[in-house]
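*Asks:* Have a look at this one before I ask anything.
Coordinate-derived values only; no laboratory data. Everything numeric here is computed off the predicted structure, so don't read it as measured data. In this analysis, Cβ positions are derived from the backbone assuming ideal geometry, glycine residues included, and neighbour counts consider all displayed protein chains.
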Amino acid sequence: MTSSSAPSEFLEPGRLEHLFTPLEHAGGILAAVSGGPDSMALMHLLARWSAAGARPSITVATVDHGLRPEAAEEAAFVAQEAAALGLFHHILGWTGPKPKTGLQEAAREARYSLLLQCAREIGASHLLTAHTRDDQAETVLMRLARGSGLAGLAGMRAERERGGIRQVRPLLDCPKATLLDLCLGEGWPFVTDPSNADERFARVRWRRLMPGLAAEGLTAERLAGFARRAFRAEEALDGKARDALARTRLVLDERKLTLDAAPLAEEPFEIALRMLAQALLEAGIDLENSRLQRLEACTERLREALSRGEGLRLTIAGALVHLDREGRVSIGAEPPRRRGR
């Protein structure tokens, strides 16, 4: 739905069918609903879609992060609204000590862990979240500021696998303002989270910058459009890298992966970079916390060693990458480091 669409268009049967097309073959749906206007709109739209035909079972979950005294009341409010719509509801609590730094990141990790666990327990195949176009725009800006590559600048995916559960963001191309107008117009109650105005959090600070950026032409719609183009480019480059990696006579055994290194020097740098990343993943190396700059530096060193016909040993993300003088690369787990006497 574009920014010019009227909120009421969401309620048209054809629009609802299009919105929830990814759920056609779902084995069960878990919708994450915090009580804000975005997620409350998602819950009401899901209920209307469900009432229009034979649909998978729908369950609603609210995560109580235990960070604000009002959170328990808000979760109870969502439970009441879900029950009025005939939907099952679970309150998921984030218990235990909370970090003093990186709180939003830790809360996000805990939230997804709880939601995925709940989805598995109830037999849901799909997890729905109410991310919007504005959330996408903020994500792109935050990742740009952190020095992300093309994959990061592609923003959030409308669909992705997360721990064996299919996450779907059906509202990702919808402005927050449209959902707010929809809730107000339909009389759907919602709550306001005060943390959304707390400038201790980076996302809130970026959100405050958005009106000024939009005045210069950098609107949420254009940032979301940029993310879509970056995603298409990312897919194309990854495809080219997979094709190139297939030419390396790749061999994977229980201990390590080996491949011919020549294509790493023959291909453009961006393709070689992705080849190395894909090879590391094939070897079972987790790149989740590896910085792009480190991967770029390793790729550059490999290409330089290849051009000089030299061997090379380097480490990245807990992996040992060894280039021998015959131009063969092996990748395996980094051995334990020995402590000095």
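*Asks:* GNM, the chain, Cα, under 10 Å: largest mean-square fluctuation among Cys298, Cys118, Cys174?
*Replies:* In this elastic network of the chain, the residue with the biggest mean-square fluctuation among Cys298, Cys118, Cys174 is Cys298.
*Asks:* Residues in segment 161-186, backbone N under 20 Å from the label point at Ile122 (7 Å along the Cα-to-beta-carbon vector): list them, ranges by number please.
*Replies:* Residues 161-171 fall inside that zone.
*Asks:* Just for the chain, what percent of DSSP beta bridges are antiparallel, to the closest 5?
*Replies:* Beta bridges within the chain, antiparallel portion: roughly 55 percent.
*Asks:* Let me ask something additional. Find the Cα radius of gyration of segment 200-319, compare it with 2.2 N^0.38 Å by division, and give the number to two decimals.
*Replies:* Taking N as the residue count of segment 200-319, the ratio is 1.38.
*Asks:* Farthest toward the dipole's positive end in segment 246-333, which of Ala297, Ile331, Gly309, given Cβ charges of +1 (Lys, Arg) and -1 (Asp, Glu) about the Cα centre?
*Replies:* Sorting the options by dipole projection puts first Gly309.
*Asks:* Follow-up question, since we're still on this one. Once you have the Cα-Cα distance between Lys240 and Ala51, take 0.36 nm times their residue separation minus that, and quote the gain in nm to one decimal.
*Replies:* 63.6 nm
*Asks:* Would you mind calculating the relative contact order of segment 192-328 from Cα pairs under 8 angstrom and at least 6 residues apart, reporting the percent as a whole number?
*Replies:* Relative contact order of segment 192-328: 16 percent.
*Asks:* Another question, then. How far apart, in nm, are the 7 Å Cα→Cβ label points at Ala233 and Glu161?
*Replies:* Rounded to a tenth, the inter-label distance reads 2.7 nm.
*Asks:* Can you compute the modelled spin-label distance between Arg108 and His322, with each label point 7 Å from Cα toward Cβ, in nm?
*Replies:* So the two model labels end up 3.8 nm from each other.
*Asks:* Still on this structure, please answer the following. Which of the GluC sites (Glu not before Pro) across segment 3-51 are loop residues per DSSP, with 13 or fewer other Cβ within 10 Å?
*Replies:* Answer in residue order: Glu24.
*Asks:* Give me the dipole magnitude in Debye, nearest 20, for segment 7-229 about the Cα centre, with unit charges on the beta carbon: positive for Lys and Arg, negative for Asp and Glu.
*Replies:* Working: 26 positive and 26 negative charges, 179 e Å.
That gives a dipole near 860 debye.
*Asks:* Next question, about the same structure. Working from Cα positions, state the angle (0 to 90°, nearest 10) between the long axis of helix 269-282 and the longest principal axis of the chain.
*Replies:* Tilt of helix 269-282: around 80 degrees.
*Asks:* Given a Förster distance of 25 Å, report the FRET efficiency between Glu70 and Thr21 from their Cβ-Cβ distance, rounded to the nearest 0.05.
*Replies:* 0.10
*Asks:* Would you work out the Kirkwood radius for segment 18-117? I mean one over the mean of 1/r across all pairs of different Cα atoms, in Å.
*Replies:* 14.5 Å
*Asks:* Tell me, what does the Kirkwood hydrodynamic radius of the chain come to in angstroms if you use every pair of distinct C-alpha atoms?
*Replies:* 22.7 Å
*Asks:* With a 10 Å cut-off between alpha carbons and a GNM built on the chain, which of Lys100, Lys240, Lys256 moves the most?
*Replies:* Its mean-square fluctuation being the largest, the pick is Lys100.
*Asks:* Report the GluC sites (Glu not before Pro) located in segment 258-341 that are in a DSSP loop and have at most 15 other Cβ atoms inside 10 Å of their Cβ, or state none.
*Replies:* Loop-located and lightly packed - Glu288, Glu310, Glu326.
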